[in-house]
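Here's the structure we're looking at; comments come further down.
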Amino acid sequence: MQLAVVTGFRGMLFYFNLTTPVGRGYPNARTDDVSFVQFCFVVASAGRPIPPPPDVQKEWAQVSVTGRTDDATLAAINAWQGYRRRQFGTQVETDGIVSVARTASGLYAPETSYDIVHLNFVVLMATASIWPRLDKDSHCSADLGATVRQALSSHLTT
């Protein structure tokens with residue numbers, strides 16, 4: 001996981017990007033990347049300040065931050081991508097994979113962000129009082145917290 005600057009995503013100046021894809025076909029994805037995707041679902045399903053969309057609540061509530069690609073994580077990714085497709089149309093990929101963002105804008109198609117960028121925005125809204133210090137959230141595992149601090153290390157002042 002690494003910190004990336006985004007040039008075109010409204011309301012967010014940077015995000016935590018993956019270093020390897022997470023999801024279907026990637027059973028051995030990096031633990032920190034899988035943990036971050038899981039954290040996104042877990043912290044958002046905690047319902048603060050608003051609950052997640054009904055379309056994803058059941059699947060997201062089953063996820064734990066384990067760092068392993070398991071059935072619950074795969075189901076949460078599928079639910080998320082299905083929800084985004086219903087909201088934004090067929091340009092949204094529904095391949096069961098949270099990909100590494102490869103553009104400075106965070107978009108892979110016009111007006112269509114990578115899942116990881118959009119998930120960061122969901123987490124930003126759910127953790128606004130501590131963003132980007134996600135290591136301070138009670139749902140953040142010790143290993144993920146260390147990765148977050150490492151990603152932020154050149155930007156931390158306290």
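Quick note: the coordinates plus some simple rules give every number you see, no bench work behind them. None of these values were measured; they are calculated from a predicted model. No Cβ is skipped: glycine too gets one built from the backbone with ideal geometry, and neighbour counts run over all protein chains shown.
Selection of the range 105-122 for residues being crowded, with 18+ Cβ neighbours inside 10 Å, free of Cβ contacts under 8 Å to residues at least 40 places away in the same chain and part of a loop (DSSP other than H, G, I, E, B) yields only Y114. I'd like the full set of residues that are surrounded by fewer than 19 Cβ atoms within 10 Å (Cβ to Cβ) and under 19 Å from Q2 (Cβ atoms), limited to the range 123-140. If the condition is that a residue be surrounded by fewer than 19 Cβ atoms within 10 Å (Cβ to Cβ) and under 19 Å from Q2 (Cβ atoms), then L124, W131, R133, D135 are the ones that fit.
Number of residues in the range 70-104 that are assigned to a loop (DSSP other than H, G, I, E, B), within 14 Å of the chain's Cα centre (by Cα) and either basic (K, R) or surrounded by fewer than 20 Cβ atoms within 10 Å (Cβ to Cβ) (or both) equals 3.
Apart from one condition, G67 fits all of (1) part of a loop (DSSP other than H, G, I, E, B); (2) at negative phi; (3) surrounded by 14 or more Cβ atoms within 10 Å (Cβ to Cβ); (4) not β-branched (V, I, T); the exception is (2).
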